[in-house]
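Written below as structure tokens is the structure these notes are about.
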Amino acid sequence: MRAAEFELYDLQGAGYDPSELQAAGFDASMLKEAGTSLFQLKQANTPIATLKEAGFRADRLRLQGYTAEEIWRTYVAKELKVGGFTAKELRDGRVGYNFEALRGAGYTCAELREGGYLVAELRTKGYAPGELHTGGYTPSEMHGGGCTAVELRDVGVEATQLRAIGLSAAEVKQAGYSAAEMRIGGWTSTELKSVGHSAVSLKEAGFTSAELVPLGYGVKALKEVGFTAAELRAAGYLPKELKQEGFGAEELTDGGFGAREAEAVDGRSAQELRASGFDAGELRAVGYTAAELRGGGFKAKQLKEAGYSAIELAEGGYKARSIEAVDGRSTAVLRDKGYSAKELKGVGFGSMELHAGGYAAKEMRELDYSPEELKGVGYSAGELKSGGCTCKQLWAAGFTLRELREGGFPWKELVIFLRATYAELTEAGYEGLDAKDIIFKTYRPE
């Protein structure tokens, strides 16, 4: 009909539809100029390429209901972007634009994420981890989409976030995170050491010496990485342990230890320290073992009173019977159990405790206790007389003539050995004396 020189307007007026007119040789551009709408052209199944050639933009097609899937092969990405096609519409339309095309069109990662694009999809299109992170993809989405821990670290993802998405301490350390970063991320000192972080790294991360001690680090290792005496003191280390690893007296006192504590670890033996007045409690407090104190001459009872346990006493070389003797029972009970005064003195019981336990003066004298000391702890003149003490010894120890009388000493001994007078003896309570007795005349003449 076009060849027969019919005019387009005439044919349109005659009722020919766009598809018939196109078949007759009239192209879309001509039809468009003649007033044919895009809707009519769509109804006529006009090819997308033809519509584009006719000057129809992507936004017109979108308004007419064309999808991204229908037109992306004809229109470039930028045309779809300008035409109002969202990233979701592109994804739903399974468009095949490459990375350069999407980027060139102005689609951001944020838009693509909102459109439902997965990290894995964008990775295949060339989007870098930094762009994905900036675009709002979460560490979990990025890691699930193939981003490595190193890549996540490089774009600023914190260790805390990696821990939250399930990465192990080993993976995070391997990615280059410091001990400090991982500590903030929630990993413990134990976990950090297990994956290879050194004592230096742990200290720099802010872990205290007290937190590192349970990991097996000793004084030497902690000192080497820079912990001070004060910090090691806070971790529970004692002066003797610090001194053995090179801390000086001034460092110890600067670290909060007392001058006497520093003095107790100045290199002298336990025996020398005992002779200088240090007791077992003081030496235990600075780090001496039971064995060392035993070697220094300290008794089992002194160590028990200082706080050493029965196990420590045994490990220190004290005999089982000695340890049993200081288990808290009284000396009276121990005497009933067969302990001699000599045994109890050997483990550290004093004369007053032995007297309270009922040990006889004779047994005490055999242990070289003086009459003066025995009088001081409560032994009477009579008990000491039974124990072999003479009146002269007891008189020198401070007993009175009356006490000697009460202790059973005959008056004649007091006259002979103490030169007691008739008047003194009478005053002491002796009765029936004869002032003219030959004893008085011989040893105490008036």
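The values are calculated or read from the model by the stated rules, or taken from the named source; none is laboratory data. Not measured: the values here are computed from a predicted model. Don't worry about glycine lacking a Cβ; one is built from the backbone with ideal geometry, like all the others, and counts go over all protein chains shown.
Candidates are the residues of region 360-393 that are over 30 Å from GLY338 (Cα atoms) and surrounded by 16 or more Cβ atoms within 10 Å (Cβ to Cβ); the one that is farthest from the chain's Cα centre (by Cα) is CYS391.
Is it the case that region 7-15 has a residue that's surrounded by 18 or more Cβ atoms within 10 Å (Cβ to Cβ), modelled with pLDDT of 90 or more, touching a Phe, Trp or Tyr at 6+ places or on another chain (Cβ under 8 Å) and part of a helix (DSSP H, G or I)? Among the residues of region 7-15, not one is surrounded by 18 or more Cβ atoms within 10 Å (Cβ to Cβ), modelled with pLDDT of 90 or more, touching a Phe, Trp or Tyr at 6+ places or on another chain (Cβ under 8 Å) and part of a helix (DSSP H, G or I), which makes the answer no. Of the residues making up region 305-331, those that are crowded, with 18+ Cβ neighbours inside 10 Å and within 15 Å of GLU343 (Cβ to Cβ) are TYR318, SER322, ILE323, ALA325, VAL326, THR331. Of the helices (runs of 4 or more DSSP H) that lie entirely inside region 332-433, those containing 1 or more residues that are farther than 30 Å from ARG294 by Cα, basic (Lys, Arg) and modelled with pLDDT of 95 or more span 371-376, 381-386, 391-397, 401-406, 411-418. Could you please find all residues in region 60-77 being over 18 Å from PHE99 (Cα atoms), in contact with a helix residue (DSSP H, G or I) (Cβ under 7 Å, 6 or more places away or on another chain) and either of a type in the set (A, V, I, L, M) or not in a loop (DSSP other than H, G, I, E, B) (or both)? Of everything in region 60-77, those that are over 18 Å from PHE99 (Cα atoms), in contact with a helix residue (DSSP H, G or I) (Cβ under 7 Å, 6 or more places away or on another chain) and either of a type in the set (A, V, I, L, M) or not in a loop (DSSP other than H, G, I, E, B) (or both) turn out to be ARG60, LEU61, GLU70, ILE71. Taking region 394-439 as the range and being small (Gly, Ala, Ser) and crowded, with 16+ Cβ neighbours inside 10 Å as the test, the residues that pass are ALA397, GLY407, ALA420, ALA428. Among the residues of region 171-197, those that are within 20 Å of GLY216 (Cα to Cα) and loosely packed, with under 15 Cβ neighbours inside 10 Å comprise THR188, THR190, SER194, GLY196.
Scanning region 203-214 for residues being under 11 Å from the mean Cα position of the chain (by Cα), part of a helix (DSSP H, G or I) and surrounded by 13 or more Cβ atoms within 10 Å (Cβ to Cβ) gives a total of 5.
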